[in-house]
Amino acid sequence: MRMDLSDQALIYMQIAQMIEDDILRGVYGEDDQVPSTNELARAYNINPATAAKGINLLVADGILYKRRGIGMFVSKGAVEAVREKRKNVFIEKFISPLLREGAALGLSAEDIIAMIRAKGERKDG
């Protein structure tokens, strides 16, 4: 896990997303230990409380769990949980606005799906 943190998003959310990315890529499997808050703080030169806030987001989502006195570990079903979480974000961030704009233009969902299919079939993306 090595990325540069940007100023564009809250650091603790970036920490959570980096760990999620590593889970999706298979860097961390079920029951694998993830870096501690102190390790994250040292690696990214951030406050340990900030790192802990990112870790705690993942605990609240059921993606990580704590073994008292040992550290944080990847929960069973974490890959599916991350995918479901991101799918819901994708729907809210992209699909819902797309449908609203389409409706404003008089397009049905079927019209939009046909447009997406046609765009996907074109080689220029």
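The values are calculated or read from the model by the stated rules, or taken from the named source; none is laboratory data. Quick caveat: nothing in here was measured; it's all calculated off a predicted structure. Neighbour counts run over all protein chains shown; Cβ positions are idealised from the backbone, glycine included. Remember, those area values only see protein heavy atoms, side chains included, never the ligands or the DNA or RNA. Shrake-Rupley method; radii C 1.70, N 1.55, O 1.52, S 1.80 Å.
Taking SER108 as the residue in question, decide whether it is within 27 Å of the chain's Cα centre (by Cα), free of Cβ contacts under 8 Å to residues at least 12 places away in the same chain and surrounded by 10 or more Cβ atoms within 10 Å (Cβ to Cβ). So SER108 does not fit the description; no. Just to be sure before I move on: is PRO97 surrounded by 14 or more Cβ atoms within 10 Å (Cβ to Cβ) and out of contact with any Phe, Trp or Tyr (no Cβ under 6 Å at 6 or more places or on another chain) in the structure I sent? No; evaluated as a whole, the condition is false for this residue.
Residue-by-condition table, conditions (1) touching a residue at least 24 places away in the same chain (Cβ under 8 Å); (2) within 18 Å of GLN14 (Cα to Cα):
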site: ASN45; (1), (2): no, yes
site: ALA49; (1), (2): no, yes
site: GLY71; (1), (2): yes, no
site: ALA78; (1), (2): yes, yes
site: VAL82; (1), (2): yes, yes
site: LYS85; (1), (2): yes, yes
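Any residue at all in region 18-35 that is among the β-branched types (Val, Ile, Thr) and modelled with pLDDT under 95? Taking every residue of region 18-35 in turn, none turns out to be among the β-branched types (Val, Ile, Thr) and modelled with pLDDT under 95.
Residues in region 19-48 that are under 13 Å from MET72 (Cβ atoms) and of a type in the set (S, T, N, Q): GLN33, SER36, THR37, ASN38. One residue stands out in region 51-66 among those that are farther than 14 Å from ILE15 by Cα and either touching a His at 6+ places or on another chain (Cβ under 8 Å) or free of Cβ contacts under 8 Å to residues at least 12 places away in the same chain (or both): the one that is most open to solvent (accessible area, probe 1.4 Å), namely LYS66.
Checking every residue in region 89-99 against the condition of being over 28 Å from LEU10 (Cβ atoms) and polar (S, T, N, Q) gives zero matches.
Evaluation of GLY102 against the conditions (1) at pLDDT 95 or above; (2) open to solvent by 40 Å² or more (accessible area, probe 1.4 Å); (3) more than 23 Å from GLY26 (Cα to Cα); (4) small (Gly, Ala, Ser) shows that the sole unmet condition is (2). Screening region 1-119 for helices (runs of 4 or more DSSP H) wholly inside it with 1 or more residues that are of a type in the set (Ser, Thr, Tyr) returns the ranges 11-25, 37-44, 48-60, 96-104.
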